[in-house]
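Take a look at the structure set out below.
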């Protein structure tokens, strides 16, 4: 299966917030830009970067953790996700992201990534917050 077709497989991505814990699986795109490695999650429009892929992943982890902490403390996570096309699944307390076709239609950064050599990877997160 070629790279572009594999992107359109239904993702198992989700975000769940329960009892002071954020659990998530996000698709990220890893690519090089101006000599830096970049990790980008189009479903949240979050990005980390560094000189190496490991630096970029560490940067992304910090950005994602700060994002979740800020939106949870300010009680805006649900609003942000809904605004970015996520859908709440009440039966499982999960949010699921928009399909990649929708992201491509509305996300210029993602369309630009498709013009360069990239790799897609699903990344699990599990953050505990005392403020949740």
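For the structure I just gave you, tell me whether residue 64 is in contact (Cβ under 8 Å) with a residue 60 or more places away in the chain and in a loop (DSSP other than H, G, I, E, B). It is false that residue 64 is in contact (Cβ under 8 Å) with a residue 60 or more places away in the chain and in a loop (DSSP other than H, G, I, E, B).
Among residues of the range 68-88 that are without any contact (Cβ under 8 Å) to a residue 60 or more places away in the chain and on the phi > 0 side of the Ramachandran plot, those with a Cβ under 9 angstrom from a residue that is part of a helix (DSSP H, G or I) and surrounded by 16 or more Cβ atoms within 10 Å (Cβ to Cβ), sequence gap 6+ or separate chain, pair up as 85/103. Hey, could you check the range 83-98 for residues that are part of a loop (DSSP other than H, G, I, E, B) and at pLDDT 90 or above and say which is surrounded by the most Cβ atoms within 10 Å (Cβ to Cβ)? Looking at residues that are part of a loop (DSSP other than H, G, I, E, B) and at pLDDT 90 or above, I get 97. Could we say that residue 69 is more than 19 Å from residue 127 (Cβ to Cβ) and in a helix (DSSP H, G or I) here? Answer is no for this residue.
Among the residues of the range 25-58, those that are outside any strand (DSSP E or B) and either under 17 Å from residue 111 (Cβ atoms) or touching a strand residue (DSSP E or B) at 6+ places or on another chain (Cβ under 8 Å) (or both) comprise 42, 43, 44, 45, 51, 52, 53, 55, 56, 57, 58. Residues satisfying the criterion are present in the range 103-112 (criterion: in contact with a strand residue (DSSP E or B) (Cβ under 8 Å, 6 or more places away or on another chain) and assigned to a helix (DSSP H, G or I)).
Taking the range 112-132 as the range and being over 19 Å from residue 62 (Cβ atoms) and either in contact with a helix residue (DSSP H, G or I) (Cβ under 6 Å, 6 or more places away or on another chain) or exposed (fewer than 10 other Cβ atoms within 10 Å of the Cβ) (or both) as the test, the residues that pass are 115, 117.
The values are calculated or read from the model by the stated rules, or taken from the named source; none is laboratory data. This is a predicted model, so every value here is computed, not measured. Glycine also receives a Cβ, built like all others from the backbone with ideal geometry; neighbour counts cover every protein chain displayed.
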